[in-house]
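Here the structure is laid out as structure tokens; the discussion comes afterwards.
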Amino acid sequence: MLRLDSVSCSYGAREVVKGISFTLEAGDVMCLLGANGSGKTTLFRALLRFLPLTQGEVYMDGEAIAHWSRRKLARTIAYVPQAHTPPFAFKVRDVVLMARTAHMNGIGAARRHDYEIVDHALDSLGITGLAEKEYTQLSGGERQMVLVARALAQEAKLLVMDEPASSLDFGNEIRMLTELKRLAGRGVSVLFTTHSPNHAFLCASQVAVMKDGRLLACGEPDLVLTGSCLEEAYGIPLEVIDIGNGNRTCVPLASRLAPQLHREGSHYLKFAGFAPENSRT
């Protein structure tokens with residue numbers, strides 16, 4: 001369904017994303033991992049045509065999207081940003097209804113079918129109780145769930161989600177990840193970023209790991225997410241362990257992490273002039 005072919009993009013003279021290629025099939029959930037500044041959000045901006053490519057091409061169903069109309073793009077790809085600050089105090093149901101714009105007729109009038117889709121999106125995430133509340137009065141986590149509901153109501157073939165779990169409590173985090181798996185079962189493709197490698201084990205069929213704007217590894221989570229790969233990506237000692245029933249999780253190696261943090265902390269204090277050379281603190 002989605003294919004990135006040697007995609008590169010820059011901010012001015014600084015190349016941020018460098019020759020990224022991967023394929024996402026219908027019903028795949030791909031988790032995009034990487035440290036801060038590795039290029040994940042910039043890659044999304046390029047994919048969504050917010051940022052022009054300096055090299056390569058993005059394809060949907062074998063067709064380059066470079067010259068698609070905004071309407072066609074909105075019917076095909078739905079986007080959930082990291083954060084959203086609303087300009088007006090819209091009701092939650094109206095915020096989610098905005099996703100239906102690309103499907104409405106020429107005069108932009110919502111039909112009963114549009115409202116039914118909105119209500120179903122809210123219900124699937126367990127946030128029907130927020131429908132009549134003002135979006136500006138919600139917590140950060142509640143707003144994030146509304147943005148996910150808006151993306152679901154868009155009924156696109158591909159969901160692109162930039163850290164959708166960043167503001168969610170544990171319960172809503174699991175509800176959201178479960179909904180992604182359910183959508184994948186219906187043939188929707190999902191591409192999302194996260195700061196937790198464990199999210200890939202919970203719901204992803206594919207994982208891509210970025211470092212310094214390049215693709216470090218890509219493939220099935222059980223094959224790609226090894227301690228050595230994650231340590232290279234994040235710069236801290238990690239281990240992937242089996243926890244039974246076919247489940248795996250990623251944990252930091254405390255015995256190796258403490259000396260590393262001590263060295264880095266001592267180096268910073270000496271650099272800042274707060275600790276003498278022989279300081280143990």
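The values are calculated or read from the model by the stated rules, or taken from the named source; none is laboratory data. This structure is a prediction, so every number in the text was calculated from the model and none was measured. Counting neighbours? That spans all protein chains shown, and the Cβs are built from the backbone with ideal geometry, glycine included.
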Need a quick list: helices (runs of 4 or more DSSP H) entirely within region 208-277 having at least 1 residues that are modelled with pLDDT of 90 or more. 221-224, 227-234
Based on this model, can you work out whether V80 counts as surrounded by 16 or more Cβ atoms within 10 Å (Cβ to Cβ) and within 30 Å of G12 (Cα to Cα)? yes
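To keep it simple, each residue is scored yes or no on (1) over 30 Å from R75 (Cβ atoms); (2) surrounded by fewer than 17 Cβ atoms within 10 Å (Cβ to Cβ); (3) within 15 Å of the chain's Cα centre (by Cα); (4) in the same structural domain as R75 (by TED's automatic domain parsing).
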position	(1), (2), (3), (4)
L183	no, no, no, yes
S189	no, no, yes, yes
P197	yes, no, yes, yes
L202	no, no, yes, yes
V209	yes, no, yes, yes
D212	yes, yes, no, yes
C218	no, no, no, yes
L230	yes, no, no, yes
Within the bounds of region 8-21, is there any residue that is part of a loop (DSSP other than H, G, I, E, B), under 29 Å from M210 (Cα atoms), in the same structural domain as F192 (by TED's automatic domain parsing) and out of contact with any Phe, Trp or Tyr (no Cβ under 7 Å at 6 or more places or on another chain)? yes
Being charged (D, E, K, R), touching a residue at least 60 places away in the same chain (Cβ under 8 Å) and assigned to a loop (DSSP other than H, G, I, E, B) is the filter here; which residues of region 156-182 pass it? K157, D162, E163
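Just one of L152, L147, L138 is buried (at least 18 other Cβ atoms within 10 Å of the Cβ) and touching a His at 6+ places or on another chain (Cβ under 7 Å); which is it?
Being buried (at least 18 other Cβ atoms within 10 Å of the Cβ) and touching a His at 6+ places or on another chain (Cβ under 7 Å) holds for just one of L152, L147, L138, which is L147.
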Residue list for region 75-105, filter: of a type in the set (F, W, Y) and at pLDDT below 80: F88
Would you please list the contacts, defined by Cβ atoms under 8 Å and residues six or more apart or on different chains, that run from a residue in region 45-56 that is touching a residue at least 40 places away in the same chain (Cβ under 8 Å) to a residue that is part of a helix (DSSP H, G or I)? L48/L73; L51/T42; L51/R45; P52/A46; L53/A46
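Looking for whichever is under 15 Å from L2 (Cα atoms) and loosely packed, with under 15 Cβ neighbours inside 10 Å here; the options are G56, G62, G27, G37. Which one fits?
Among G56, G62, G27, G37, only G62 is under 15 Å from L2 (Cα atoms) and loosely packed, with under 15 Cβ neighbours inside 10 Å.
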